[in-house]
1. What is the gain in length, in nm to one decimal, between residue 76 and residue 182 on full extension, counting 0.36 nm per residue of separation less the C-alpha to C-alpha distance?
2. Mind pulling the angle between the C-alpha long axis of helix 26-37 and the longest principal axis of the chain? Nearest 10 degrees, somewhere in 0 to 90.
3. With springs connecting C-alpha atoms under 10 Å apart, model the chain as a Gaussian network and identify which of 185, 164, 133 has the largest mean-square fluctuation.
4. Going by how many other Cβ atoms sit within 10 Å of their own, how do 207, 66 line up, fewest first?
5. Note down the Stokes-Einstein diffusion coefficient of region 121-182 in µm²/s, whole number, using a Kirkwood radius over alpha carbon pairs, 37 °C, and 0.692 mPa s.
6. Residues with amide H under 5 Å of residue 147's amide H, sequence separation 5 or more or different chain, H placed in the peptide plane at 1.01 Å from N; which?
7. Mind running the shape call on region 204-270? Use the C-alpha gyration tensor, a ≥ b ≥ c as the square roots of the eigenvalues: rounded below 1.5 for a/c, prolate if a/b tops b/c, oblate otherwise.
8. When you have a sec, figure out the Kirkwood radius of region 159-209 from all distinct Cα pair distances and drop it here in Å to one decimal?
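Each value in this text was obtained by applying a stated rule to the coordinates, not by laboratory testing. What you are looking at is a predicted structure, and each value in this text was computed from that prediction instead of being measured. All Cβ positions, even for glycine, are placed from backbone atoms using ideal geometry, and neighbour counts span all protein chains on display.
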Amino acid sequence: MGPVFKLRRGEIEMQLNAVVTGGSKGIGFGIAACLLKRGYAVTIAGRNETDLEAASSKLEPLGSVEAVAADVTNEDDVERLMSRFEDPARPLSLLVNNAGLADYKTLLKMDLARWRSVVDVNLTGVFLTLQRGARRMRASGGGAIVNVASIDAAGTDGRQSAYGAAKAGVVNLTKTAAVELAPYGIRVNSVSPGWTLTAMISDHVSEAARQHMTESFSRVPMGRLVEVDEIARTVAFLGSAEASGITGIDVPVDCGTLANLYIAETLPKE
């Protein structure tokens with residue numbers, strides 16, 4: 001287990017508390033585990049109670065974990081989730097907005113209901129949890145917020161018009177929130193994962209594609225998928241006192257994908 005960091009206010013040592021939305025699996029689960037190892041008491045939130053219960057059982061050996069069924073697009077759910085941090089003795093130290101929803105329909109076939117669903121989860125949900133969490137942080141003297149965006153915010157990556165648009169909104173919302181909330185001691189940053197080694201890879205790509213991405217991912221400068229723990233450690237850093245001067249930035253964790261325009265490699269060989 002890693003070092004335990006606690007916040008001192010006056011003569012009282014206070015536990016660091018974190019909320020991770022979409023924390024029952026994938027990147028969110030990895031972030032929750034990483035924060036527990038660093039001494040946070042972690043609340044994971046998600047819509048599926050069965051997944052939350054399973055995740056809690058796996059996380060409990062690492063530290064203090066609580067699971068809350070909540071839909072980030074529902075104001076009442078978000079308010080109920082954040083109401084756990086009304087007590088000054090239990091301040092919200094770190095909020096990680098990770099809940100997300102992907103869609104692979106083409107732009108011309110995307111119906112309005114699906115568009116709204118994807119944008120609601122990926123962008124409106126971030127707005128709601130950020131706003132309600134920041135209100136608690138302002139009352140308790142500050143905190144940190146990390147939004148999980150995506151490298152798809154920087155450009156297209158297949159048939160993901162709603163997802164990419166929403167993630168681009170998350171990056172801009174991060175900057176706006178960072179400026180508005182800075183006077184209250186609240187830092188806001190985002191992390192943009194590249195293609196990451198999660199169960200989603202197996203669900204959405206062929207076996208041949210999965211093998212290529214795990215063994216010889218030539219499009220990516222580092223030649224591989226991102227590991228979940230690499231994203232989790234970045235989130236933990238941005239949420240910690242070690243990043244006290246950092247706010248309003250987006251950090252790609254993509255093994256160099258965005259650094260390469262990938263033009264020279266596609267030209268005909270002489």
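1. My answer for the length gained is 35.5 nm.
2. 40
3. Of 185, 164, 133, the most mobile in the Gaussian network model is 185.
4. 207, 66
5. 266
6. 97, 189, 190, 191
7. Here region 204-270 falls in the oblate category.
8. Every distinct Cα pair counted, the radius reaches 13.5 Å.
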